[in-house]
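See structure below.
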Amino acid sequence: MKNTFVTLSSAGPNHDPSKRTREQPFWDEHVAFIDRLVAEDFILMGGPLVDAAEMPHGALLIVKAENENEVREKLKSDPWFERGILKLESVKRWQIFIDVRK
């Protein structure tokens, strides 16, 4: 049975704080990787966490997986994790009680 997980990532050591999300190094490779996980129905929702100036400071993903190990295994090949643009901070199982989406 698939469970829902929330992942939180922070800016990694190679994240450029002067650049927006789409201007970060290896953007195209990251997008191709994420698009593949969306097509596999692994990623349900996601996006950057931004400050008041709309500058990225990490990311949040909501994913479907059997367990935390599956989440970590799938995400470790993200070019942004491999190259230090993002750093995976946490993976938490999320039990959804409220969902108003139709």
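The values are calculated or read from the model by the stated rules, or taken from the named source; none is laboratory data. This is a predicted model, so every value here is computed, not measured. Positions of Cβ are backbone-derived with ideal geometry, glycine not excepted, and every protein chain shown enters the neighbour counts. Protein only, heavy atoms only, side chains kept; ligands, DNA and RNA dropped before computing areas. Shrake-Rupley method; radii C 1.70, N 1.55, O 1.52, S 1.80 Å.
Selection among Ser77, Ile34, Met45 by position relative to the dipole of the chain gives Met45 as farthest towards the positive end (Cβ unit charges, Cα centre).
The count of lysine pairs in the chain with alpha-carbon distances below 12 Å, taking only pairs 8 or more places apart or on different chains, stands at 4.
Remark on segment 53-101: Rg and Dmax equal 13.1, 37 Å (Cα only). Amide H contacts of Leu86: Gly12, Phe81, each under 5 Å away and 5 or more positions distant or on a separate chain (H built 1.01 Å from N in the peptide plane; Pro and chain starts excluded). Along the chain, counting only GluC sites (Glu not before Pro) with a DSSP assignment other than H, G, I, E or B and at most 13 other Cβ atoms inside a 10 Å radius, the longest segment between sites is 1-39. In order along segment 62-70, the Karplus-derived 3J(HN,Hα) couplings, from 6.51 cos²θ - 1.76 cosθ + 1.60 at θ = phi - 60°, round to 10, 10, 10, 7, 5, 7, 4, 4, 4 Hz, and Gly and Pro are given as x. Across segment 73-85, computed HN-Hα scalar couplings (Karplus, 6.51 cos²θ - 1.76 cosθ + 1.60, θ = phi - 60°) run 5, 5, 7, 5, 8, 4, x, 6, 6, 4, 9, x, 6 Hz from first to last residue, x flagging Gly and Pro.
Taking the C-alpha atoms only, the angle from helix 27-39 to the longest principal axis of the chain is near 10 degrees. Using Cβ point charges alone (K and R +1, D and E -1), the dipole size of the chain about the Cα centre works out to roughly 260 debye. Computed from the Cβ-Cβ distance with R0 of 22 Å, the FRET efficiency linking Ile96 to Arg72 stands at 0.60. For the chain, the Cα gyration tensor yields ellipsoid semi-axes of 23, 16, 12 Å (square root of five times each eigenvalue, largest first, whole Å). Solvent-accessible surface of segment 5-79, averaged per residue with a 1.4 angstrom probe and all protein chains in place: 58 square angstrom. Report summary: the helix-based calculation at 222 nm, which adds -39500 (n - 2.57) for every DSSP H run with n ≥ 4 and divides by the residues of the chain, gives -6500 deg cm²/dmol. A Cβ-based charge dipole, computed about the Cα centre of segment 32-87 with Lys and Arg at +1 and Asp and Glu at -1, lands at about 140 debye. With every protein chain in place and a 1.4 angstrom probe, the accessible-area ranking of Phe97, Phe81, Phe26, largest first, reads Phe97, Phe26, Phe81.
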